[in-house]
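J.: Structure in structure tokens, see below.
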Amino acid sequence: MTDATAANGGPPLLEVEGLVTRYPVPRGLVGAAARRPQRWVQAVAGVSFRLRRGEMLALVGESGCGKTTTAQSVLRLVDSDAGSIRFDGADITALGSGDLRGLRRRMQIIYQDPYESLDPRFRVRRTLEEPLEVHGIGSRAERRREAEEALRLTGLDPPELFLDRYPHELSGGQRQRVAIAASLVLHPDLLIADEPVSMLDVSVRAGILEILDDLRSRGLGILMITHDLSTAARFADRIAVMYLGRIVEEGAARDVVTNPQHPYTQALLSVVPKRDPRQRQRPEILRGETPNPVDVPPGCRFHPRCPIAIPECRDVDPELRQPSDARAGHLAACIRT
Amino acid sequence: MSLLEVHDLHVWFDLARGGELHAVQGVDLGLDAGERFGLVGESGCGKTTTILALMGLLPPSASVSGRVLLDGENVLARGERSVAPHRWRDVAMVFQGAMNAFNPVKRVGEQIAEPMELHGIAEGRDARRQVGELLERVGIPAERAQRFPHEFSGGMRQRAAIAMALACKPKVLLADEPTTALDVMVQAQILELLVALADDFGLTLVLVTHDLPIVAQVCERAAVMYAGEIVESGPTDALFHSPRHPYTRLLFAATPDLYGTEEVASIPGAPPRLDRAIVGCPFRPRCDSAFGRCVDDRPALKPVAAAQAAACHLNDVPQEVPA
């Protein structure tokens, strides 16, 4: 971290420290009438990470691991219960709604489903210019220029070809490009991409990921949420693997993929299908279901499914630290490493 | 003779606004007993329509031509009358999103027993016993038959959907995107289960998916579909290591691999519309190697190597010796 910060000459763009976000578990009518104690799901249970400008961090994990809640907490779309979120050096954990408005210009999110994130009644022009109008930015001509520039950045060039189209006149890949363009007109510093390509055809995915790659090289910080380790390995600078509300491993993407330290990461990597039929792998398939964050096991939360757990793992809740055979900046939360 | 043969299958859909959509444009397939076969392609390529045609489950707006031979008998010959006796009994299917297709107010066990009763295979206590055995075989405790679908996780519902497809002990199992929308660890469990079932029951497994790596890992042979036709078929090893159609090569190149270091590149453009006639090679506008002949001469699927076929004019051009 230290050399990374030095190389960047300033505070990280995003600094999350000990973030905890929980949701109440619905008790139902009977539970409420019987005054059963309110139970909580700790969707995010103590997450810390940093994201620099010009960097892409992939938050990887299975459904229910807390990756989307982490993103929503960072954007202040949901309130967190503990920890801090610093954006560009300023603590935004407890910002009120008035201050959040200015902040939201600088943090944007794109979603998985470009078929749902665009208003079907709006032409592309309106989708792109509306955020500027809402924030009272620029004259009509300036807004038009911004919209055109954003379309060019997302490869929809020449822009005149797309400005007057409706979403139904665009392919899935083009819609996602418009969604990205709409997030760019406000010139954000942070872009959160929540499964940006998982709804798209394989042949157009790379194009979308290249746009994100290009935006990163222009200095945006990008937090990509994905379940797809192959995509994370290929496009992200760093990978953080989440399990039951915690980051269990974090490091440079290559390090995490080629030298995984946490047994969960190792299992996850072993089941990712490889393209080459000659590389038939021996998957290490974990039994049981994706765990439920309502009932988090004591000690290490992975120990009931862990192939190398020892009795101590039932008691010790491991912290992220650098294992002995990992490179600098590569951390894992496992007492066996 | 193969167990299941498809000859020159065409499917057209009547469009509400008039005209037709030519969804499947002359598909030929031969499936051997007990093999694991992948049908790969992107959305709209006709892969799901193809297997729905094999099941005789296309909507009334569809018209079909061609022959589907099951053990030599053309099941398309007399429409519903000739296909119905084989549906579920000989050829069964796990639908895309089947895990969400259970009737929410009926117990899972009753739903699995339905095809057995329909085909007179088992009833009452006997059916319940067989349902229990099937559930155990797919990794669900037999007593869960009494539960409702909402009490199952996504992975368990998919296992139950597979059990339902196997209720009449079919020879061929068509699985349409059976792991899409599942977490990668659950996906691995389901794929492991499908392979084990295919081995145990001597099932012919047809895996329909957009996901090349899954096919590479699970299937011995595969066919790649584009714009309603098979553009290449062969052993999965050959498709990856020596593809003979540019689409196959580019599709692999567009798929990121965990340990891959080469550029991941998208394929520019989009597939052609299927509601108008296609002139020349359907892939030509997106192809990186097209030449004059591709413009107006539609290539046919032709043998190019042992057990490998491709629909590309490049295979008629003498190849330069690779460096």
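J.: Stokes-Einstein diffusion coefficient for the range A:72-171 at 37 °C in a medium of 0.692 mPa s, Rh from the Kirkwood formula over Cα pairs: what value in µm²/s?
T.: 210
J.: Taking only Cα atoms and a 10 Å spring cutoff, compute GNM fluctuations for chain A and point out the largest among A:120, A:273, A:131.
T.: A:273
J.: From largest to smallest, what semi-axes in whole angstrom does chain B give when each is the square root of 5 times an eigenvalue of its alpha carbon gyration tensor? Kindly include the intermediate steps, with their values, before the conclusion.
T.: Working: eigenvalues 261, 102, 63 Å².
The answer is 36, 23, 18 Å, longest axis first.
J.: Given just the C-alpha atoms of the range A:158-275, how large is their convex hull per residue in cubic angstrom?
T.: With only Cα atoms used, the range A:158-275 gives 133 Å³ per residue.
J.: Neighbour counts of other C-beta atoms within 10 Å: give me B:245, A:303, B:10 arranged from fewest to most.
T.: Ranked by crowding around the Cβ, least crowded first: B:10, A:303, B:245.
J.: To continue, here is another question. For residue B:136 paired with residue B:295, estimate the spin-label separation in nm (one decimal), with each label point 7 Å from Cα along the Cα-to-Cβ line.
T.: Modelled inter-label distance: 6.8 nm.
J.: Once you charge only the Cβ atoms, +1 for Lys and Arg and -1 for Asp and Glu, what is the size of the charge dipole of the protein assembly as shown about its Cα centre, to the nearest 20 debye?
T.: 1140
J.: How big is the gap, in Å, between the Cα center of the range B:142-170 and the Cα center of the range B:94-118?
T.: First find each Cα centre; the distance between them is then 7 Å.
J.: Ok, one more. Based on other C-beta atoms within 10 Å, arrange A:330, A:187 from fewest to most.
T.: Arranged by neighbour count, lowest to highest, A:330, A:187 become A:187, A:330.
J.: Take residue A:106, project a point 7 Å from its Cα along the Cβ direction, then tell me which residues of the range A:190-205 have their backbone nitrogen under 19 Å from it.
T.: Residues A:190-193 qualify, since their backbone N sits under 19 Å from the label point.
J.: Please list, short to long, the whole-number percent of alpha-carbon pairs of the protein assembly as shown in consecutive 20 angstrom bins beginning at zero.
T.: Once binned at 20 Å, the Cα pair distances of the protein assembly as shown give 17, 47, 33, 4, 0.
J.: Also, I was wondering about something else. Hey, what's the Cα Rg ratio for chain A versus the globular rule of thumb, 2.2 N^0.38 Å?
T.: So the Cα radius of gyration is 1.06 times the expected 2.2 N^0.38 Å.
J.: If I take R0 = 35 Å and measure r between the Cβ atoms of residue A:130 and residue B:15 in this structure, what FRET efficiency does the formula 1/(1 + (r/R0)^6) give, to the nearest 0.05?
T.: Taking R0 as 35 Å, the efficiency between residue A:130 and residue B:15 is 0.55.
J.: Distances longer than 27 Å among the Cα atoms of the range A:1-158: what percent of all pairs is that?
T.: So the portion of pairs separated by more than 27 Å is 44 percent.
J.: Count charges around residue A:277 for me, please; just the other residues with Cβ under 14 Å from its Cβ, Lys/Arg as +1, Asp/Glu as -1. If you can, show how the numbers build up before the last one.
T.: On the way: positive: A:274, A:275, A:278, A:280, B:36, B:221; negative: A:276, B:211, B:220, B:237, B:257.
Cβ neighbours under 14 Å give a net charge of +1.
J.: For the protein assembly as shown, give the share of DSSP beta bridges that are antiparallel, in percent and rounded to the nearest 5; count only bridges with both residues there. Mind showing how you got there, number by number?
T.: On the way: 56 of 93 bridges.
The answer is about 60 percent antiparallel.
J.: Across every pair of different alpha-carbon atoms, what Kirkwood hydrodynamic radius in Å does the range B:94-174 reach?
T.: 12.3
J.: Hey, with R₀ at 51 Å, roughly what FRET efficiency would residue A:34 and residue B:259 work out to, going by the Cβ-Cβ distance, to 0.05?
T.: 0.40
J.: Based on the Cα atoms of the range B:24-109, what semi-axes does the equivalent ellipsoid have, where each is the square root of 5 times one gyration tensor eigenvalue, given in whole Å with the largest first?
T.: Taking √(5λ) for each eigenvalue gives 23, 17, 15 Å, largest first.
J.: On to the next question. Rounded, prolate or oblate, given the Cα gyration tensor of the range B:259-323, with a/c below 1.5 counting as rounded?
T.: oblate
J.: In the range B:140-181, whose amide N lies under 17 Å from the spot 7 Å out along Cα-to-Cβ of residue B:57? List them in ranges.
T.: From the range B:140-181, the list is B:157-180.
J.: Another question, if that's okay. Going by how many other Cβ atoms sit within 10 Å of their own, how do B:194, B:58 line up, fewest first?
T.: If I rank by nearby Cβ atoms, fewest first, I get B:58, B:194.
J.: Using the basic label-point model (7 angstrom from Cα toward the beta carbon), what is the residue A:137 to residue A:97 distance in nanometres?
T.: 2.3
J.: Also, quick follow-up: Assuming 0.36 nm per residue, please report the length gained on full extension of the stretch residue B:65 to residue B:288 beyond their Cα-Cα distance. Can you show the working numbers first?
T.: Details: separation 223, 0.36 × 223 = 80.28 nm, distance 3.30 nm.
Taking 0.36 nm per residue and subtracting the Cα distance, the gain is 77.0 nm.
J.: Above 14 Å lies some portion of the pair distances; for the range A:221-293, what is it as a whole percent of all C-alpha pairs?
T.: So the pairs more than 14 Å apart make up 64 percent of the total in the range A:221-293.
J.: Tell me the net charge near residue B:14. Cut-off is 13 Å between Cβ atoms, residue B:14 excluded, with +1 for each Lys or Arg and -1 for each Asp or Glu. Write out the running numbers ahead of the final one.
T.: Numbers: positive: B:17; negative: B:20, B:275.
Local charge sum for residue B:14: -1.
J.: Give or take rounding to whole Å, what are the principal axis extents of the alpha carbon atoms in the range A:200-337, in descending order?
T.: 47, 36, 33
J.: Between beta-carbons, use under 11 Å as the cut-off and find the net charge around residue B:274, counting Lys and Arg +1, Asp and Glu -1.
T.: -1
Where a number appears in this text, it was derived from the coordinates with a stated rule and is not lab data. Remember, predicted model here, so these are calculated numbers, not experimental data. All Cβ positions, even for glycine, are placed from backbone atoms using ideal geometry, and neighbour counts span all protein chains on display.
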